[in-house]
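The values are calculated or read from the model by the stated rules, or taken from the named source; none is laboratory data. As the structure is a computational prediction, the values presented were derived from the model and not from experiment. Counting neighbours? That spans all protein chains shown, and the Cβs are built from the backbone with ideal geometry, glycine included.
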Amino acid sequence: MKIERIETFAVQAPPTDARPYWGSRAWGPSRTGVAPELSSEYPTPVRRRYLYSRTIDTVIVRLTTDTGLVGYGESKAPVAPRATKAIIDLLLADIVRGADPRDVTVLWERMYAGMRVRGHRAGFYLEAISGVDIALWDLAAQAAGVSIASMLGGVFRNPVRVYASGLPALDRDADNEALEALVEEALRLKADGYTGLKMALGKGIEGDRRSVRAVRDGVGDDFLIYTDAAGVYDRAQALKLGRELEALGVAWLEMPIPPEDVEGYGQLADALTLPIALDSLSSRYEVAEFIRRRGLDIVQPDVCRAGGITECRRIAELADAFGIAFAPHVSIGSAVHIAATLHLAAAMPNTITSEYWIGDNPIGNAWLKQPIEVVGGYVPIPAGPGLGIALKPDALDAWADRR
């Protein structure tokens with residue numbers, strides 16, 4: 001069996017949710033259109049804003065073999081999906097074309113080695129590898145007639161417990177009406193059966209504390225609250241905030257400080273009983289540095305960003321050897337992303353939960369013949385060989401490159 005055809009689709013789907021994506025609301029560029037104000041804060045406000053697209057973006061990879069099998073993968077591309085697509089088309093396609101898709105690890109190493117000497121160890125290149133790798137696993141498992149979770153060694157849990165992601169915290173001067181609306185949304189998620197939700201912090205320590213306290217008072221002590229600061233604080237701020245969150249019984253603090261500050265993660269993890277988590281991990285080599293500093297309690301690699309199933313499996317197993325939990329990151333992505341994450345989460349021994357975006361997703365179930373459903377805060381892994389999903393025949397037509 002050989003890979004005969006490689007297709008990529010740069011998706012930029014118009015949003016169907018009435019509100020912008022929650023990450024954009026929490027950490028996107030200022031909507032005032034004016035230059036950022038001067039500030040004595042560190043990091044300064046201009047360094048706390050990240051790029052977000054106005055559309056729902058990703059890159060889908062479709063591999064077809066000479067035996068007629070079709071495998072799907074996804075490369076995380078929340079912005080500039082054509083850049084990721086170009087990397088696959090121009091650099092990776094020639095590596096996998098004509099290869100046996102069951103040689104997953106060999107092909108991963110060949111793709112990764114291709115740009116190692118140039119320092120491309122994260123970002124667009126790893127995201128591009130991720131999409132090809134997932135498609136290879138889909139093909140290999142289909143050829144064996146089993147699910148990807150089975151190919152990974154078996155299922156530890158099915159269904160997979162997921163948390164609702166996410167609710168942006170409010171500014172410290174938000175009025176009571178806004179605070180009540182925040183609590184009402186959290187209560188709705190609890191009523192839907194979720195056992196936990198994630199809040200996007202970064203509104204300042206007082207705004208974050210006030211928002212988390214309101215939600216905690218509303219949902220009660222038996223509901224898990226995960227928090228994500230997206231690296232907007234410095235060490236001292238994160239320590240102060242972490243102590244506030246400890247008192248509120250928060251389940252973890254994700255990316256409290258910039259991920260480049262590995263030493264700072266070690267200091268925070270040592271000073272706080274609150275678990276420290278990180279989602280921007282790109283490889284097992286990066287995870288090893290955090291382990292050496294004893295800086296993480298939970299690893300959250302994204303299967304469509306951190307080298308695909310092959311590398312995320314390595315990350316999870318490396319973490320497990322040091323008593324560190326695994327909670328895969330998803331945030332925003334297509335049905336392919338969700339399915340790949342579920343198989344990985346089901347098969348890793350140290351999985352504690354997985355992220356699940358609660359917004360209206362135009363590239364989620366809308367693409368599938370059989371929807372992926374959340375039932376009581378749990379999601380069953382898709383049944384059937386490979387990823388176990390079937391895309392509608394016209395799902396990718398709008399994004400085909402017809403040049």
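Just one of (1) surrounded by fewer than 24 Cβ atoms within 10 Å (Cβ to Cβ); (2) under 15 Å from the mean Cα position of the chain (by Cα); (3) closer than 18 Å to Ser283 by Cβ fails for Thr351. It is (3). Looking only at residues in segment 181-213 that are under 14 Å from Leu253 (Cβ atoms) and hydrophobic (A, V, I, L, M, F, W, C), the one that is surrounded by the most Cβ atoms within 10 Å (Cβ to Cβ) is Leu201.
In this structure, does Val287 turn out to be surrounded by 20 or more Cβ atoms within 10 Å (Cβ to Cβ), touching a strand residue (DSSP E or B) at 6+ places or on another chain (Cβ under 9 Å), of a type outside the set (Asp, Glu) and closer than 19 Å to Ala181 by Cα? Considered against the rule, which asks whether it is surrounded by 20 or more Cβ atoms within 10 Å (Cβ to Cβ), touching a strand residue (DSSP E or B) at 6+ places or on another chain (Cβ under 9 Å), of a type outside the set (Asp, Glu) and closer than 19 Å to Ala181 by Cα, Val287 comes out as no.
Looking at this structure, is Ala306 of a type outside the set (Lys, Arg) and either in contact with a helix residue (DSSP H, G or I) (Cβ under 9 Å, 6 or more places away or on another chain) or touching a residue at least 12 places away in the same chain (Cβ under 8 Å) (or both)? Yes; evaluated as a whole, the condition is true for this residue. Contact annotation: residue pairs with Cβ atoms under 7 Å, 6 or more positions apart or on different chains, pairing a residue in segment 364-382 that is free of Cβ contacts under 8 Å to residues at least 24 places away in the same chain with a partner that is surrounded by fewer than 16 Cβ atoms within 10 Å (Cβ to Cβ) and of a type in the set (Gly, Ala, Ser), are Lys369/Ala390; Gln370/Ala390.
Being under 24 Å from Asp57 (Cα atoms) and either over 22 Å from the mean Cα position of the chain (by Cα) or charged (D, E, K, R) (or both) is a condition met by no residue of segment 166-174. Would you check if there is a residue in segment 214-225 being of a type in the set (Gly, Ala, Ser), out of contact with any Phe, Trp or Tyr (no Cβ under 9 Å at 6 or more places or on another chain) and either surrounded by 22 or more Cβ atoms within 10 Å (Cβ to Cβ) or closer than 22 Å to Gln267 by Cβ (or both)? Checked against the condition, which is being of a type in the set (Gly, Ala, Ser), out of contact with any Phe, Trp or Tyr (no Cβ under 9 Å at 6 or more places or on another chain) and either surrounded by 22 or more Cβ atoms within 10 Å (Cβ to Cβ) or closer than 22 Å to Gln267 by Cβ (or both), segment 214-225 yields no hits at all.
Under the condition of being surrounded by 17 or more Cβ atoms within 10 Å (Cβ to Cβ), out of contact with any Leu (no Cβ under 8 Å at 6 or more places or on another chain) and closer than 21 Å to Leu152 by Cβ, the residues counted in segment 84-107 number 1. For segment 378-403, the set of residues classified as buried (at least 21 other Cβ atoms within 10 Å of the Cβ) and at positive phi consists of Gly386, Gly388, listed by residue number. Looking for something on the phi > 0 side of the Ramachandran plot, in contact (Cβ under 8 Å) with a residue 24 or more places away in the chain and not in a helix (DSSP H, G or I) - is there at least one such residue anywhere in segment 166-180? No, segment 166-180 contains no residue that is on the phi > 0 side of the Ramachandran plot, in contact (Cβ under 8 Å) with a residue 24 or more places away in the chain and not in a helix (DSSP H, G or I). Determine if segment 59-79 includes at least one residue that is at pLDDT 95 or above, crowded, with 19+ Cβ neighbours inside 10 Å and over 25 Å from Pro385 (Cα atoms). Looking for residues that are at pLDDT 95 or above, crowded, with 19+ Cβ neighbours inside 10 Å and over 25 Å from Pro385 (Cα atoms), one finds none in segment 59-79, hence no.
Sub-7 Å Cβ pairs linking a first residue in segment 344-359 that is closer than 18 Å to Tyr226 by Cα to a second residue that is aromatic (Phe, Trp, Tyr) and modelled with pLDDT under 95, at least 6 apart or interchain, are Gly359/Tyr21; Gly359/Trp22, ordered by first then second residue. Does Gln300 qualify as being among the polar types (S, T, N, Q), on the phi < 0 side of the Ramachandran plot, buried (at least 22 other Cβ atoms within 10 Å of the Cβ) and not assigned by TED's automatic domain parsing to the domain that holds Ala141? Judged against the criteria, Gln300 is a match.
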